[in-house]
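Here, each number is a calculation from the coordinates, and none is a lab measurement. Predicted, not measured: the structure shown is a model, and the values here were computed from it. Here Cβ is always computed from backbone atoms with ideal geometry, including for glycine, and neighbour counts include all displayed protein chains.
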């Protein structure tokens with residue numbers, strides 16, 4: 001699943017228009033976070049709001065880390 005996720009949000013950058021590719025990659029990441037939230041709720045018996053907050057916070061932390069690494 002890690003490979004599929006990595007491919008999912010890098011393939012849009014094969015498009016010629018960078019803005020379209022960025023929006024497409026963002027949509028894929030948003031969908032991935034939604035699927036992870038659903039899996040946590042369905043199979044790990046985590047309440048929906050708790051799962052969404054945990055996954056959302058993890059996504060924000062990964063984004064901030066990427067920004068910090070990219071700006072160094």
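One table, with the values for the structure above:
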item	result
Relative contact order of the chain, defined on C-alpha pairs under 8 angstrom at six or more residues apart (%)	20 percent
Folded to 0 to 90 degrees: helix 18-43 orientation relative to the chain principal axis, Cα	10 degrees
Estimated FRET transfer efficiency when R0 is 25 angstrom, pair residue 10-residue 45 (beta carbons, to 0.05)	0.15
Residue-averaged [θ]222 nm for the chain, counting only DSSP H segments that reach four residues, each worth -39500 (n - 2.57)	-27000 deg cm²/dmol
